[in-house]
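Presented below is the structure to which this report refers.
Read-outs: derived from the displayed coordinates by stated rules, not from any lab. Just so it is clear, the structure is predicted and the values come from calculations on it, not from any experiment. Quick reminder, even Gly has a Cβ in these numbers, built from the backbone with ideal geometry, and neighbours come from all protein chains shown.
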Amino acid sequence: KQSSTQLILQDDLQSRLGLIRQHSLQRVLPLLLITSLLMLISYAVIRRLIVLPLQTLQALAKQLKLQNFALSNPLTGDSIQQRLGDTLVDAAGQIQQHIGQIQDREQRLSVTLDAIGDAVIVTDSNGCITRLNSKAEQLTG
């Protein structure tokens with residue numbers, strides 16, 4: 001009689017444990033699904049709002065480094081990334097403008113030096129020759 005009572009108790013206990021497992025899975029599984037969905041949404045938002053704009057800014061900076069000054073900012077809206085993109089585009093325009101001004105000055109200096117009838121030799125602070133006019137070239141060979 002004792003062994004049949006033990007078997008009945010064991011069966012009852014196993015049945016209850018099975019119900020508890022099933023009930024636990026029914027509660028945990030939706031939480032796992034919701035957590036996974038929130039992680040996917042977070043990834044998508046972070047990628048769209050942070051990663052992609054940073055990659056765009058990196059591409060703009062690379063173009064600037066390669067001295068491609070005809071930049072345009074593809075970022076839109078009113079974000080820090082968009083404003084930084086505008087700043088890079090503005091900086092590229094200013095650099096291009098300054099390079100043009102320097103080239104113009106260099107050309108005017110060359111014309112002026114060549115127009116001088118005397119020999120002119122220009123040196124840097126170390127005494128190295130940086131420029132000669134045509135008369136100086138004729139004299140120095």
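Once the dipole of the chain is set up with Lys and Arg at +1 and Asp and Glu at -1 on Cβ about the Cα centre, which of 115, 77, 101 lies farthest towards its positive end?
77
At q = 0.29, 0.32 Å⁻¹, what is the log10 ratio I(q)/I(0) for the range 94-141, with the Debye formula run over Cα points and no solvent?
-1.00, -1.07
As I understand it, the dipole of the chain uses +1 on the Cβ of Lys and Arg and -1 on the Cβ of Asp and Glu, about the Cα centre. Which of 32, 139, 22 lies farthest toward its positive end?
Final value for the positive-end residue is 22.
Within the range 105-125, find all residues whose amide N lies under 19 Å from a label point positioned 7 Å from the Cα of residue 138 along Cα-to-beta-carbon.
Output list for this probe position: 110-122.
Please state the charge dipole magnitude for the chain, taken about the Cα centre, from unit charges on C-beta atoms (+1 on K and R, -1 on D and E), reported in debye and rounded to the nearest 20.
Working: 13 positive and 11 negative charges, 205 e Å.
Charge dipole of the chain: 980 debye, to the nearest 20.
Write down the radius of gyration of the chain and its Dmax, each obtained from C-alpha positions, in Å.
Every Cα atom of the chain included, Rg and Dmax give 38.4, 132 Å.
Would you calculate, for the chain, the mean residue ellipticity at 222 nm contributed by helices, counting each DSSP H stretch of 4 or more residues as -39,500 (n - 2.57) and dividing by all residues, to the nearest 500?
Calculated at 222 nm, the ellipticity per residue is -25500 deg cm²/dmol.
Relative contact order for the chain: what is it in percent, counting Cα pairs under 8 Å that are at least 6 residues apart?
It comes to 12 percent, rounded to a whole number.
Let's test the formula: R0 of 30 Å, r as the Cβ-Cβ distance of residue 67 and residue 107. What FRET efficiency results, to the nearest 0.05? Intermediate values should be presented prior to the final figure.
Numbers: r = 19 Å, r/R0 = 0.65.
So, using R0 = 30 Å, E works out to roughly 0.95.
Over the range 83-141, what is the relative contact order in percent, taking alpha-carbon pairs closer than 8 angstrom and at least six residues apart?
23
For residue 79, project a label point 7 Å along Cα to C-beta. Then give me every residue of the range 34-50 with its amide nitrogen under 14 Å of that point.
Counting only backbone N, you get 43-50.
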